[in-house]
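Contents: one structure, followed by commentary.
The values are calculated or read from the model by the stated rules, or taken from the named source; none is laboratory data. All values reported here derive from a predicted model rather than from experimental measurement. Glycine also receives a Cβ, built like all others from the backbone with ideal geometry; neighbour counts cover every protein chain displayed.
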Amino acid sequence: MFIPYSRPALDDAEINEVVETLKSGWLTTGPKVAQFENDFKHYVNCEYALAVNSATSGLHLALEAIGVGPGDKVITTVHTFTATAEVIRYLGAEPIFVDIEGDSFNIDVSAIEKALENNQNVKAIMPVHYAGQAANMTDIIKLAKRYNVRIVEDAAHALPTTHNGQLVGALSDVTVFSFYANKTITTGEGGMITTNDPELAARMKIMRLHGINRDAFDRFTSTKPSWHYEIVAPGFKYNMMDMCAALGIHQLKKAKRFQEERASIAERYNLAFSELPVTTPFIVNKSDIHAWHIYVLQLHLDELMIGRDEFIAKMAECGVGASVHYIPLHRMPYWKENFNLTDKMFPKSSLISDCIVSLPNFQSMTDDEVSKVIDVVSSLLVENKK
Ligand SMILES: *Cc1c(COP(=O)(O)O)cnc(C)c1O
């Protein structure tokens, strides 16, 4: 049996809720979305939670709401998925890419500071909570205040994650979570925006659905006639469906249990690999919650006879899936060519990018599956040691 890199954990609660939704006749944004948003708001303890059809949509809405446009700049990390940066381009603004910390792989605060000193028209900073470990939000928030820029957190990996004991989701201006199929909880496709700012929330709510000044649910439940609405902007079509929220309502209840399951897999991996030619994940603060969305091993290539790509190919031959997070953006043709990015500009990201491997660590993994991953990875490391 092949162990995939990731597999969603859905059971009868989710399935029954989706069936009930289908039978209710209300498929798109309606009561289930309203419930999911309300549950989420209480979960992260923020004022507003807005469900969207992806985190990418959410990040786009967040930047639009804070007024990012042509001529503006937004600071972010190269060591992320392209969605983080592409939304900056949607709005005609320019990304300013910075390097990561060599240990946590989170955005380097001193590099952010340099970018703020050297650039005019910076509107926002977009940290990514890499792998599910919080970026250094305390210092990022200080910098944002000092330079009068906003913060939009890419929390696609970070449910649940804490920074100094506080859950990611209410730390800064706007936070965006992803519920893509392989994320810490899933709605198939989906995302959630959280904020405490009423003006940003109002703008994102309007832009989420065509620039209509009342959402579809209100439209069909309020006392005003349902055909009555106003268009106040050329908005987007980024609303979440009730069928997806039906999954999210139950997934959210399990978010902490899922995190504990992933954390215990990570613990087994850390122990098993401690004597082998690899570096296990660096923990910034042991008392914080790490979502463990991704478990990343760094291969000590100088001690091995094979490279990372071959290592992953051999893992697959032995029946274990793996992945890489990420091929950094400065090595992607679009970003590299249009923004003149080189390896030299991002030494830390470049250095680790050739030796990182993400192992399976999803919540529905059995103990036997974890053991098999450990056996396969350990044997490969021993067999290929110089
Ligand atoms: C998955 C992911 C996204 C995009 O999420 P979608 O819900 O698929 O749009 C954005 N940023 C990071 C870091 C991600 O891992």
Practice prompt. Looking only at segment 18-26, decide whether some residue is at pLDDT below 95 and either small (Gly, Ala, Ser) or more than 16 Å from the ligand (Cβ to nearest atom) (or both).
Written response: yes
Discussion item. Quick check on my filter: what residues within segment 54-98 are near the ligand (Cβ under 9 Å from one of its atoms), of a type in the set (Gly, Ala, Ser) and within 19 Å of residue 294 (Cβ to Cβ)?
Written reply: 54, 55, 83
Discussion item. Could you check segment 244-281 and list, in sequence order, the residues that are farther than 14 Å from residue 184 by Cα and touching a Gly at 6+ places or on another chain (Cβ under 7 Å)?
Written reply: 244
Fill in: residue 233 vs. criteria more than 16 Å from the ligand (Cβ to nearest atom), farther than 29 Å from residue 107 by Cα, assigned by TED's automatic domain parsing to the domain that holds residue 53 and surrounded by 24 or more Cβ atoms within 10 Å (Cβ to Cβ)
no
Item to complete: Evaluate segment 324-338: report whether one residue or more is assigned to a loop (DSSP other than H, G, I, E, B) and away from the ligand (no atom under 16 Å from the Cβ).
Response: no
Item to complete: Only residues in segment 356-374 that are within 21 Å of residue 181 (Cβ to Cβ) count as the first member; pair them with residues that are at pLDDT below 95, Cβ under 7 angstrom, at least 6 apart or cross-chain, and list the lot.
Response: none
Worksheet item: In segment 151-163, is there at least one residue being under 16 Å from residue 204 (Cα atoms) and either assigned by TED's automatic domain parsing to the domain that holds residue 289 or more than 10 Å from the chain's Cα centre (by Cα) (or both)?
Response: yes
Response to the item:
When every residue in segment 164-185 that is more than 11 Å from the chain's Cα centre (by Cα), closer than 28 Å to residue 358 by Cα and surrounded by fewer than 23 Cβ atoms within 10 Å (Cβ to Cβ) is compared, the one farthest from the ligand (Cβ to nearest atom) is 165
Worksheet item: Between residues in segment 11-28 that are touching a residue at least 24 places away in the same chain (Cβ under 8 Å) and of a type in the set (A, V, I, L, M) and residues that are surrounded by 14 or more Cβ atoms within 10 Å (Cβ to Cβ) and outside any helix (DSSP H, G or I), which pairs lie under 7 Å by C-beta distance while being six or more apart or on different chains?
Response: 27/241
Worksheet item: Going by the conditions given, is residue 201 under 22 Å from residue 78 (Cβ atoms) and of a type in the set (Gly, Ala, Ser)?
Response: no
Discussion item. Among (1) more than 12 Å from the ligand (Cβ to nearest atom); (2) part of a helix (DSSP H, G or I), there is one condition residue 123 misses while meeting the rest; what is its number?
Written reply: (2)
Discussion item. Can you list residue pairs whose Cβ atoms sit under 6 Å apart, with the first residue in segment 256-274 being surrounded by fewer than 21 Cβ atoms within 10 Å (Cβ to Cβ) and the second being assigned to a helix (DSSP H, G or I)? Count only pairs 6 or more apart in sequence or on different chains.
Written reply: 268/370; 272/374
